[in-house]
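The values are calculated or read from the model by the stated rules, or taken from the named source; none is laboratory data. Computed from a prediction, not measured in an experiment: that's the story for all the values here. Heads up, the Cβs are rebuilt from the backbone with ideal geometry, glycines too, and the neighbour counts pull from every protein chain shown. For the accessible areas, the whole protein counts, side chains as well, though only heavy atoms, and no ligand, DNA or RNA atoms are used. Shrake-Rupley method; radii C 1.70, N 1.55, O 1.52, S 1.80 Å.
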Amino acid sequence: MTVLAPEVRGRSGPLAWLLVAGIVLAALNLRTAVTSVGPLLDQIATALGMSGVTTGLLTTLPVLCFATVGVITPALARRVGEHRLLLLALLALGVGLLTRAMVDSAVIFLFSSAVALSGGAVGNVLIPTLIKRHFPRRTGTMTTVYTTALAVGTMLAAAATVPIEQAANGDWHVALGVWAALAAVSALPWLILLRSEPARDTGAGVLGPRALVRNRLAWAVAAYFGTQSMVAYIMFGWLPQILIDLGYTTGQAGFMLAAFTALGIPVAIVVPAVTARFSSQRPLVIGLAVLYLVGFSGLWLAPSGTAWIWVIAVGLGMGSFPLALTMLALRTRSAEATAALSAFGQSAGYLIAGAGPLIVGVMYAATGGWTLPFLLLIGVVAVQVATGWYAGADRYLEDEHDRVRQHGDHEHRRIDESDLSLGGARR
């Protein structure tokens, strides 16, 4: 017998609070597999004998896993169930984190990292879907909770991994393994929530990948998500080098990167709540793009002593990430459509984003300066504005899908009638 989902039973009881706790704990874990490695990358690569190619593959794994696993998540959810799938994803995340912390083989480290990142990829897609399903009237509030927890988890893993390693007498295995414990804790609410598994969607193929490929809004959301992710990956990867080339010390560059990352927390609190108050998000799209342009222009052209101002401007512009996540729910009418758009938008978006840091690296190596990379960033922001202008309008994925389908039906009828008339003429 199927237990009624919270949207039927109401959101004021213990089940609703358990869902909130489950979403918060899951979100805290979605980036720990990524940001816990960066601060220890040199030690890990040396200890495991990784070549430059292998190290490059390790840094590219997040994008590959988020894109490939994310796209099949809605199909898996229909087969397994949303609550059960998220529980399995968190268990996979924990097992992957624990395994890679216990090995001294580069191959097993890469494989277990892929397992952990695949769990995170499933969570990326499922959590917006669960918010839409269980809290349809509080999408903005719950997206704020989600993105804030995601930002906290991202910063926590980046900031605490090195101190943990130092406290463990320089043992990077311990520093990485700690995060498996957090994943295990996050799975506990979803064990209980298995009893409240929502009814599975039986109309599977209505908004599958093939349908979304022909949907202009789906592509606009994907491109907006991809361009903001590309900016984020470029800044996380190259901001320290930009600052060092401006004359800052390594310590100062690291501190400014930490402050840049920490800005994601207040931004994640404010942006979704503001976004959900309006039917159109176009003013936010433009405002965040202006912050990007001010920050990039300042880092490129202004005196080095003012870099902290421009770093703050770019950090505030990173509000485009919680805005993109909020759009996944605001541009759809149902949880099933949210799942489809989340999978398509994030998968295509992460593939777009993955090329950014590599292109910047090639440009920097070829020129030794930052003119071409900043011109690239400004171009990316221009694309972000164009796609965000379309995605930010008051429209719904299902409506565009219906229009595309009706247009296709009309085309088929017109072709059929043409064939009949030609046949009659021939006869």
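At-a-glance table
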quantity: Selection within the range 184-199 - at pLDDT below 75 and either touching a Cys at 6+ places or on another chain (Cβ under 6 Å) or exposed (fewer than 14 other Cβ atoms within 10 Å of the Cβ) (or both); calculated: Ala199
quantity: The range 298-315 - residue that is touching a residue at least 24 places away in the same chain (Cβ under 8 Å) and not aliphatic (A, V, I, L, M) and, of those, surrounded by the most Cβ atoms within 10 Å (Cβ to Cβ); calculated: Gly315
quantity: Any chance Leu243 is surrounded by 14 or more Cβ atoms within 10 Å (Cβ to Cβ) and either among the acidic types (Asp, Glu) or within 26 Å of Met363 (Cβ to Cβ) (or both); calculated: yes
quantity: Answer residue from the range 326-353, given it is of a type in the set (Val, Ile, Thr) and open to solvent by less than 10 Å² (accessible area, probe 1.4 Å) and is farthest from the chain's Cα centre (by Cα) among those; calculated: Thr332
quantity: Residue list for the range 157-176, filter: in contact (Cβ under 8 Å) with a residue 12 or more places away in the chain, among the hydrophobic types (A, V, I, L, M, F, W, C) and open to solvent by 30 Å² or more (accessible area, probe 1.4 Å); calculated: Ala158, Ala159, Val162, Ile164, Val174
quantity: Flag for Leu176 being within 20 Å of the chain's Cα centre (by Cα) and aliphatic (A, V, I, L, M); calculated: no
quantity: Residue match in the range 256-277 (condition: among the charged types (D, E, K, R), modelled with pLDDT under 90 and more than 20 Å from the chain's Cα centre (by Cα)); calculated: yes
quantity: Pairs where the first residue, in the range 132-155, is aromatic (Phe, Trp, Tyr) and the second is not in a helix (DSSP H, G or I), C-beta under 8 Å, 6+ apart; calculated: Phe135/Arg11
quantity: From the options Ile269, Ile265, Ile286, residue that is open to solvent by 10 Å² or more (accessible area, probe 1.4 Å) and closer than 25 Å to Leu375 by Cα; calculated: Ile286
quantity: Any hit, the range 206-229, residues being in a loop (DSSP other than H, G, I, E, B), at pLDDT below 90 and open to solvent by 60 Å² or more (accessible area, probe 1.4 Å); calculated: yes
quantity: Options Val24, Val63: the member that is among the β-branched types (Val, Ile, Thr), part of a helix (DSSP H, G or I), touching a helix residue (DSSP H, G or I) at 6+ places or on another chain (Cβ under 9 Å) and within 12 Å of Leu117 (Cβ to Cβ); calculated: Val63
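Here's the yes/no breakdown for (1) free of Cβ contacts under 8 Å to residues at least 40 places away in the same chain; (2) of a type in the set (Gly, Ala, Ser); (3) touching a Pro at 6+ places or on another chain (Cβ under 8 Å); (4) open to solvent by 30 Å² or more (accessible area, probe 1.4 Å):
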site	(1), (2), (3), (4)
Ser320	no, yes, no, no
Leu323	no, no, yes, no
Ala355	no, yes, no, yes
Gly368	yes, yes, no, yes
Val381	no, no, no, no
Tyr396	no, no, no, yes
Asp402	yes, no, no, yes
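Let's see how each residue does on (1) among the acidic types (Asp, Glu); (2) open to solvent by 10 Å² or more (accessible area, probe 1.4 Å):
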| position | (1), (2) |
| --- | --- |
| Arg79 | no, yes |
| Glu82 | yes, yes |
| Leu98 | no, yes |
| Ser105 | no, yes |
| Ser112 | no, no |
| Ala121 | no, no |
